[in-house]
Amino acid sequence: MRTFTVVPNEPHTWPGMPPAARAVTEFLSRVRVTGDTAAAELLMGSSVPAHQHLAERDETVVRSPHEYAAHVRDMLKDHGPFRFEVHELLAEQDHVFVRWLQHGHLPTRGASPRPLREAGSAVYRVEDGRIQEYWIQLDRLGERLQR
């Protein structure tokens, strides 16, 4: 188990870190919390399926690195800078499991923003140092109850 806060542009590392885990921690710090398009181009495949397992439905969204980075920038615009805490990171060959809590803010009109906490997890498939595909679960009900 690896627990750490993702710091923008400072990938978390540890001795003996498997290559797939290194690619995922690079992705988290250089893309997932920043929206950096150039880093996304280096750390993601050209077309990455995100298999989203949500309570209300399952869907697959396919994004290019550019589209994924724009998606992150939209999250930053909507919820402000957020703290992304990894509470579990497990790696086995080309698959890396990450469980996290993301802390941001809910926009409010004329009032101070309210805190927002989102729980999620993903399994990333890494090939040649790039994320090629992932399966994600998010707590949408918990998010809705905070609104």
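Read the figures in this text as sums done on the coordinates, not as results from a lab. Nothing here was measured: the structure is a model prediction, and the numbers come from that model. Cβ: placed from backbone, ideal geometry, glycine included. Neighbour counts: every protein chain shown.
Overview of results
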{"quantity": "Taking Leu89, Leu28 and counting other C-beta atoms within 10 Å, the order from fewest to most", "calculated": "Leu89, Leu28"}
{"quantity": "Spin-label pair Arg57/Glu92, simplified geometry with 7 Å Cα→Cβ offset, distance in nm", "calculated": "3.1 nm"}
{"quantity": "For the chain, with +1 on Lys and Arg beta carbons and -1 on Asp and Glu, the positive-most of Thr5, Pro19, Ala38 along the dipole", "calculated": "Thr5"}
{"quantity": "Extension gain from Ala70 to Ala119, taking 0.36 nm per residue of separation minus the Cα-Cα distance", "calculated": "15.5 nm"}
{"quantity": "Dipole axis of the chain (+1 Lys, Arg; -1 Asp, Glu on Cβ), positive-most option in Pro81, Leu138, Gln52", "calculated": "Pro81"}
{"quantity": "The range 4-145: Cα Rg divided by the 2.2 N^0.38 Å rule of thumb", "calculated": "1.03"}
{"quantity": "Least to most buried among Ser47, Ser29 (fewest other Cβ within 10 Å first)", "calculated": "Ser47, Ser29"}
{"quantity": "C-alpha long axis of helix 65-79 to longest principal axis of the chain, angle in °", "calculated": "30 degrees"}
{"quantity": "Test item: Cα-centred dipole of the chain, Lys/Arg +1 and Asp/Glu -1 on Cβ, debye", "calculated": "620 debye"}
{"quantity": "Sequence of Arg57, Arg22 once ranked by neighbouring C-beta atoms within 10 Å, starting from the fewest", "calculated": "Arg57, Arg22"}
